Amino acid sequence: SSCASLLTSAILLLIGCSSETTPAEFDLSTEGREHVAAINAHHLCAGLWVVGRDIEREVETVIANDIAPFVPFRWDSTIEYRIDWEQQRAFVRAPGAPERSAKYYGDQGCVILERGSDDIHFSPVAVTSTLPGPETQGWPTGDLGAHGQLPNGANQAAMDSTLDWAMNEAGQNTRALIVVLGGRIIAERYAQGFTPHTPQISWSQGKSITAALTGVLVEQGELTLDQPAPVPEWHEDPSDRRGEITITDLLHMSSGLDFLNLGLAEPVSYTSENEHFMIYFDAVNVFEHAINQPMDLPPNTEFRYRNSDPLTLGRIIRQTVEARGEDYLTFPQRALFDRIGIRDAVLETDTYGNFIMTGYDYLSAYDWTRFG
């Protein structure tokens with residue numbers, strides 16, 4: 001399954017997930033079934049309170065639209081769930097495995113809790129934009145004047161047909177589609193129940209937010225692209241080759257860190273062996289999980305799609321911001337989003353307050369367009 005958004009220089013923004021051919025059924029281990037419960041508890045929680053369907057009759061809508069169509073999530077009739085509306089918490093149990101839950105924490109979104117735990121290891125904070133309402137500012141900082149016209153000679157019927165296909169093709173599950181040309185929106189469509197301002201999950205678009213925040217710190221003189229990554233644990237032993245990894249290597253996903261990516265379609269996908277994906281289905285400290293991996297390749301020798309590198313950048317961002325005495329959880333809003341007109345982003349964290357900015361980030365279609 002591919003759950004990603006497509007961003008091109010045109011700019012075309014497509015938000016949705018594709019549900020591909022159903023794989024053969026796998027017999028998951030107890031650990032695997034527990035992790036299936038955890039990721040689905042997150043999606044159920046986020047669908048209700050981050051995306052905004054916060055009324056009881058919408059639970060089945062969230063399951064039907066946000067979870068069940070996507071084969072890797074392995075939702076079926078054997079899975080049980082319950083909702084604590086007062087605590088804003090979703091509980092999910094898969095057969096023969098412990099129940100897992102995710103809880104809503106306001107501007108930090110929904111957090112997967114440790115098994116048997118009722119709370120997180122940090123204090124949530126409110127994240128408030130300093131911008132006025134989008135209706136008061138011009139595009140792209142605001143919504144005024146957002147729309148342009150198709151250029152002369154363009155085929156409106158072909159554009160309409162393309163959007164019809166993108167929204168209606170079976171299995172694509174597209175929720176929003178925006179086409180930008182010359183800095184203005186020239187076409188847009190939304191699935192039922194979604195609007196230009198409905199928060200939508202990033203999946204890997206969030207990695208580019210991490211890159212942008214790294215750029216902010218470079219702009220501020222806190223980091224340089226060619227410096228060795230300031231991860232203290234990598235510089236304790238002169239023989240530790242991780243000390244050679246640069247900021248650029250991390251931005252290029254060429255750190256050489258040994259960080260297994262086992263996808264979500266194999267029997268071992270929902271186990272702790274799947275280092276790349278386990279940040280989405282277990283209550284781990286995602287930054288410590290990333291930086292404590294060994295190397296299996298020299299840096300800057302091979303591009304590999306691994307969450308370790310943007311997560312390591314996230315750790316560097318946090319330590320840099322906090323060393324200045326600033327609040328980490330509000331830094332993205334202050335340093336980036338307020339500068340480009342994004343008002344309502346929800347960047348979710350792990351149970352230790354680290355942004356999982358490789359996929360658990362929610363922005364509206366208009367705000368993803370502003371970012372693009």
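Quick note: the coordinates plus some simple rules give every number you see, no bench work behind them. This one's a predicted model, so the numbers in the text were calculated from it and none came from an experiment. Cβ coordinates were reconstructed from backbone atoms using ideal geometry, including for glycine residues, and neighbour counts include every protein chain displayed.
Would you grab the residues whose amide H sits under 5 Å from the one on Trp203? Only those 5+ places off in sequence or on another chain, please, with H modelled 1.01 Å from N.
Asp361
Using modelled amide H (1.01 Å from N, peptide plane; none on Pro or chain starts), what sits under 5 Å from the amide H of Met295, excluding residues fewer than 5 places away?
It is Asp258, by chain and number.
If amide H atoms are built 1.01 Å from N in the plane of the peptide, which residues on other chains or at least 5 residues away come under 5 Å of the amide H of Thr246?
It is Ala229, by chain and number.
Which residue fluctuates most in the GNM of the chain (Cα springs below 10 Å): Tyr190, Tyr360, Tyr105?
In the Gaussian network model the winner is Tyr190.
With no solvent and one point per C-alpha, what does the Debye sum give as log10 I(q)/I(0) for segment 199-281 at q = 0.25 Å⁻¹?
Evaluating at q = 0.25 Å⁻¹ gives log10 I(q)/I(0) of -1.18.
Any idea what diffusion coefficient segment 32-159 gets from Stokes-Einstein, in µm²/s, Kirkwood Rh on alpha carbon pairs, 20 °C, 1.002 mPa s?
124
Can you find, among Thr128, Tyr190, Ser117, the residue sitting farthest towards the positive end of the charge dipole of the chain, where Lys and Arg contribute +1 and Asp and Glu -1 at Cβ?
So the residue we want is Tyr190.
Each label point is 7 Å from the Cα along the Cα-to-Cβ direction; what then is the distance between the points at Ser208 and Trp165, in nm?
Result: 2.3 nm between the two label points.
If the elastic network links every pair of Cα atoms under 10 Å, which of Leu131, Leu347, Leu257 fluctuates the most in the Gaussian network model of the chain?
Among Leu131, Leu347, Leu257, the largest GNM mean-square fluctuation belongs to Leu131.
I'd like the FRET efficiency for Asp338 and Val71, computed as 1/(1 + (r/R0)^6) with the beta carbon distance as r and R0 of 41 Å, rounded to 0.05.
It comes out at approximately 0.60.
Once the Cβ-Cβ distance between Val268 and Thr130 is put in as r, and R0 is 56 Å, what FRET efficiency do you end up with, to the nearest 0.05?
0.75
Ratio of Rg to Rh for segment 246-341, alpha carbon only, Kirkwood?
1.03
List the trypsin sites (Lys or Arg not before Pro) in segment 289-332 that DSSP assigns to loop (not H, G, I, E or B) and whose Cβ has at most 16 other Cβ atoms within 10 Å. Which are they?
The qualifying sites are Arg324.
Taking a temperature of 37 °C and a viscosity of 0.692 mPa s, what whole-number D in µm²/s does Stokes-Einstein yield for the chain with Rh from Kirkwood over alpha carbon pairs?
152
Report the label-to-label distance for Glu86 and Arg115 in nanometres (one decimal), using points 7 Å from each Cα along the Cα→Cβ vector.
Distance between the two pseudo-spin positions: 2.8 nm.
Compute the FRET efficiency between His252 and Tyr352 as 1/(1 + (r/R0)^6), taking r as their Cβ-Cβ distance and R0 = 30 Å, and round to the nearest 0.05.
0.65
From the backbone phi of segment 334-344, what are the Karplus-calculated ³J(HN,Hα) couplings (6.51 cos²θ - 1.76 cosθ + 1.60, θ = phi - 60°) in whole Hz, Gly and Pro given as x?
Karplus values, whole Hz, x for Gly and Pro: 5, 8, 10, 5, 5, 7, 10, x, 8, 10, 10.
From the phi of every residue in segment 274-289, what ³J(HN,Hα) in whole Hz does the Karplus formula 6.51 cos²θ - 1.76 cosθ + 1.60 yield, where θ is phi - 60° and glycine or proline is x?
Using θ = phi - 60°, the values come out as 8, 4, 5, 9, 5, 5, 8, 9, 8, 8, 9, 6, 5, 6, 5, 4 Hz.
Using a 10 angstrom cutoff on alpha carbons, build the Gaussian network for the chain and name the most mobile of Asn354, Asn285, Asn155.
Of the options given, Asn155 has the highest mean-square fluctuation.
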